[in-house]
Amino acid sequence: MTMEDVRKRYDELEKKIKETNPTANIERIRSAFELALTAHGDQKRKDGSPYITHPLAAAEIIVEMGLDEDSIIAALLHDCIEDTEVTHEDVARLFGNKIAEIVEGVTKLDLVVNATQEEAQMENLRKMLLAMAKDIRVIMIKMADRLHNMRTMTYQSEAKRRTKALETMQIYAPIAHRLGMQRIKWELEDLSLLYLDPVGYKEIEDGLKKKQEESQKFVDTIQENITKRLNEVGIKSTVYGRVKHIYSIYRKMYTQNKLLDEIMDLFAFRVIVDDIAECYNVLGYIHEMYKPIPGHFKDYIGTPKPNMYQSLHTTVIGSEGIPFEVQIRTWEMHHTAEYGIAAHWKYKAGIQGKTDDEEKFAWIRRLLESQQDSDAQDFFRTLKMDMFADEVFVFTPNADVRSLPAGATPIDFAYSIHSEIGNKMTGAKVNGRIVPFNHVLQNGDIVEIITSNASKGPSRDWLNIVVSSEARNKIRQWFKKERKEENIAHGKLSFDSELKRSGLTLADISKDEFMQPLLKRMNYQTIDDLYAAIGYGGMSAHKVVTRFKEELRQYAKAAQKENAKLNPQVGFVSKTKASKPIHGIVVEGVDNCLVKFAKCCTPVPGDDIAGFITRGYGVSIHRKSCKNYNKTRDENNESVRWINVSWGDTNGELYPTSLEIMCRDRDGLVMDIATVINGLKIKLDAISTRSTNEGRISVYITIQVHSLEELNSAINKIMSVRGVSEIKRNEG
Ligand code: MN
């Protein structure tokens, strides 16, 4: 092809644009063509033709789809930034930022597609492509680009043809289907098949050729009969018949294990009319003329397909005994069936002349939302997710696709692969370049984690960098587990020195009846756990020692009082003066009494409470709804032990309390609950689960709150987690 031919071909294109898109700015389109022409210069395609024929052909396809001026310009320039001297800035300066972004988008899509993908990864990859194309026109231009490349693959190497064909079959054809671009989908499928299974393709092609004369006669007859009948009853229609496309026949032969001659419904006819009412009328006449095959009628007008496809489908059988499918639709439906979202793009732009993308997507969204089909719901959800991505899709060096929350960093990525990778991470590369740990990953990035066995493990700062709860939890776990020994040693050291400073000795505090209950109240199993908490910074040694000191003082006092209180002659209630609150509790008539909170019902400030004088450890505080309270308050020998207590000033103290959360089990449930609690900035002390029957599960948590009010609002929040059906407080 000479340059003269190229110019001629461009002039043809311009003529077509003037016809189909009279408001398009031809000057602008022409200068895009001139830029591409100059930029690609002497570059040649594999078949020896000037390179410019490729962008030109892509633009032709875009014009045929009916896309807008910007799309045509972007199609003409689509290989410029990648393959020529022209830069993003050049395109932005000459044609505006939008066009530069679209061209850049098309270029980027090329970089992420990788034919070695496994089937399981395909869906993610397709999603990623859609997500990356913030502007849906990027996808359409990519389709046009791919279609032309597939049409002109003859001169490529065998290996390249197969790779491209596989990619097309696995990625581009399904996307075309999703976006309703049937015509492109078919052509992509047939072209892919040609290179993936040349023998199978040729077999069908030859078989069809052999039957061609016979087929043509059949098609002509049916077409004539239908046209004639519809004319008689005064319906204006366009009828045409065709043999189904090769890949659909191939798939039928393969899935039904049949030979070409055994495939009956090779033919499809289309009747296109002016309005919906006529569609149903035509259906009636068709069923009068030919015998419908039961179970083959589908009303995609009443219930459109998720990709917006609408038509009536019926399969009938004529006097020749050959079944054939008839699709009945209006012209508008026809255009949608051929070009999918592209058709609506044009329609929308034509009606309102809006160029605002948000508006356009919103419109597509509304369209999809209005469809009641559950598939449509799915499609809408996917599309929405794609367009307003809260996910980012990246590659491992092996080209596996990983999905991470938007904003994810290499650390999130590392932990998503394996905790060991995260724990041993010493650096990261994105697209081959070393990046800082807080680098935010973008769709399509190839991420490589550098690990070393000499790594000292994660840094505490990482907790502020990661965005996935998976990474955060794994890092926390590491700090808790891997370094426990070290934490205990560190913790003990600072505890001991703090103890010394306060003038106490270990012997003072390590009496079992003092130490054990206190540890329990502080939610530690053993003294080592306490040391570990101090060691990893979860507790300050100073605070712990202060508390020990205070408790010790009270313990001593209580021990003195205990005898007096249990002596009926002396009596323990004097009801004369207000007492000072201990841990927020005012024990009527008693000062500085040892107070502990019952584990059976874990009261918090605001609860209705009663106090029980224990044998040996001051007053135990129960809720009045506690079973232990209700069981014993009327028993003769126990009732005297119950005394009135009330809430005083709690000084901002925290109170551990336990909940049972009953749920329908699902993946991520516990994580979600923990996340909600974390979001409320409430300290979660313990979480455990027990499966009950039939997919139900109880999650037991212990949290620390300041008040009943805070507890109730936490309960409300947790109730909103999907799957949670009921929340109970422990009541003995
Ligand atoms: Mn290209």
* To do: Express the C-alpha Rg of the range 1-46 as a ratio against the empirical globular expectation 2.2 N^0.38 Å, rounded to two decimals.
  => 1.26
* Asked: With axes computed from alpha carbons, what is the tilt in degrees of helix 669-679 against the longest principal axis of the chain, rounded to the nearest 10 within 0 to 90?
  -> 70 degrees
* Structure fact -> Rounded to the nearest 0.05, FRET efficiency between GLU12 and ILE322 (Cβ-Cβ, R0 41 Å) equals 0.55
* Structure fact -> Contour minus Cα-Cα span, LYS549 to ASP197, at 0.36 nm per residue, comes to 118.5 nm
* Structure fact -> For the range 250-343 the mean separation of alpha carbon contacts under 8 Å (6+ apart) over residue count, i.e. relative contact order in percent, is 32 percent
* To do: Normalising by the residue count of the chain, find the relative contact order in percent from Cα pairs under 8 Å and 6+ residues apart.
  => 7 percent
* Structure fact -> Against the 2.2 N^0.38 Å rule of thumb, the C-alpha Rg of the range 645-697 sits at a ratio of 1.51
* May I ask you to list the residues of the range 275-294 whose amide nitrogen lies under 20 Å from a point 7 Å from Cα along the Cα→beta-carbon direction of GLU232? => 278-292
* Is there a pair in LYS164/LYS258; LYS681/LYS717; LYS217/LYS244; LYS209/LYS298 whose C-alpha atoms are over 21 Å apart, and which pairs would that be? -> LYS164/LYS258; LYS209/LYS298
* Which value, to two decimals, describes the C-alpha radius of gyration of the range 585-647 once divided by 2.2 N^0.38 Å? -> 1.00
* **Extension reserve of the GLN516-TYR309 stretch, reckoned as 0.36 nm per residue once the Cα distance is removed** => 67.4 nm
* Asked: How far is helix 212-232 tilted, in degrees, relative to the longest principal axis of the Cα atoms in the chain, given as a value from 0 to 90 rounded to the nearest 10?
  -> 80 degrees
* **Extension gain (nm, one decimal) between ASP508 and SER625, 0.36 nm per residue minus Cα-Cα** => 38.4 nm
* Quick one: which residues, 5 or more positions from VAL595 or on another chain, have an amide H under 5 Å from its amide H? H modelled 1.01 Å from N in the peptide plane, none for Pro or chain starts. => VAL619
* Determine, from the Cβ-Cβ distance of LEU166 and GLU214 and an R0 of 35 Å, the FRET efficiency 1/(1 + (r/R0)^6), rounded to the nearest 0.05. => 0.50
* Cα→Cβ-extended label distance, 7 Å offset, between ALA159 and GLU653, nm -> 7.5 nm
* Structure fact -> Place a point 7 Å from the Cα of GLU4 in the direction of its beta carbon; the residues of the range 39-73 whose amide N falls under 15 Å from it are none
* Return the tail of the calculated pair distribution for the chain, meaning the percent of Cα-Cα pairs more than 47 Å apart. => 44 percent
* Amide proton proximity set for ILE643, modelled H, under 5 Å, gap of 5+ -> GLY611, PHE612, ILE613
* For helix 3-20, report the angle its Cα long axis makes with the longest principal axis of the Cα atoms of the chain; keep it between 0 and 90° and round to the nearest 10°. => 70 degrees
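Every number in this text was worked out from the coordinates using simple rules, so none of it is lab data. Small disclaimer: the values here were computed from a predicted structure and weren't measured. As a convention, Cβ positions derive from the backbone with ideal geometry for all residues, glycine included, and neighbour counts pool all protein chains shown.
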